Amino acid sequence: MQHNRILVFSAVLAFMLTACASHPPATGPAPTPVKAADGSFDGEVYGTPQQGSRLSPIRIGMSEAEVQKLAGLPDITRRYATGKAFIPFYFGSDSRRREWVYTGSGSVAFNAGRGAGSSVVVMIHHDPQIK
């Protein structure tokens, strides 16, 4: 009986280790780090804006109200947790993000953080294929 438990445990452990190692590295263009207007943090910009894109005037560090004024209401809104959300004692503002998708232009991500702090643009993704 003890031998079976060790055998099962070894098989599960081997599976877990090989499953983790089998994922290929992420591909695609690397983001360009861009400082916020006030210089307080670095954001990420993927791609380059197309001529006439709704996201052309958007900059890292802008508020939701500024983005809405320049680009209008988003076509799709979604929320997601970042990897920092799973750090037990992380109390920063980048544990969750809110993403606004503009069909045919790309997306803008805001830090949704913890608490009632104001959200600002932390990522701009210029990609007309984003849906």
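Exposure proxy shown here: for Ser105, Ser118, the number of other Cβ atoms within 10 Å sets the order, fewest to most, as Ser118, Ser105. Projecting the Cα positions of Leu70, Val108, Pro33 onto the charge dipole of the stretch 27-126 (unit charges on Cβ atoms of Lys, Arg, Asp and Glu, taken about the Cα centre) puts Val108 furthest along the positive direction. Each Lys and Arg adds +1 at its Cβ and each Asp and Glu adds -1 at its Cβ; summed about the Cα centre, the stretch 27-126 shows a dipole of about 220 debye.
Phi-derived couplings, Karplus 6.51 cos²θ - 1.76 cosθ + 1.60 at θ = phi - 60°, listed residue by residue for the stretch 82-93: 8, x, 5, 5, 9, 7, x, 10, 8, 10, x, 9 Hz, with x used for Gly and Pro. Annotation: extensible slack from Ser63 through Phe91 equals 8.0 nm (criterion: 0.36 nm per residue apart, minus Cα-Cα distance).
For Ala37 and Lys84, the FRET efficiency from 1/(1 + (r/R0)^6), where r spans their Cβ atoms and R0 equals 30 Å, is about 0.85.
Annotation: for a label point projected 7 angstrom from Cα along Cα→Cβ of Gln129, residues of the stretch 44-81 with backbone N closer than 18 Å are 46-51.
Read the figures in this text as sums done on the coordinates, not as results from a lab. Everything quoted here is computed from the prediction, not taken from an experiment. Reconstructed Cβ throughout: ideal geometry from the backbone, glycine too, with neighbour counts over all protein chains shown.
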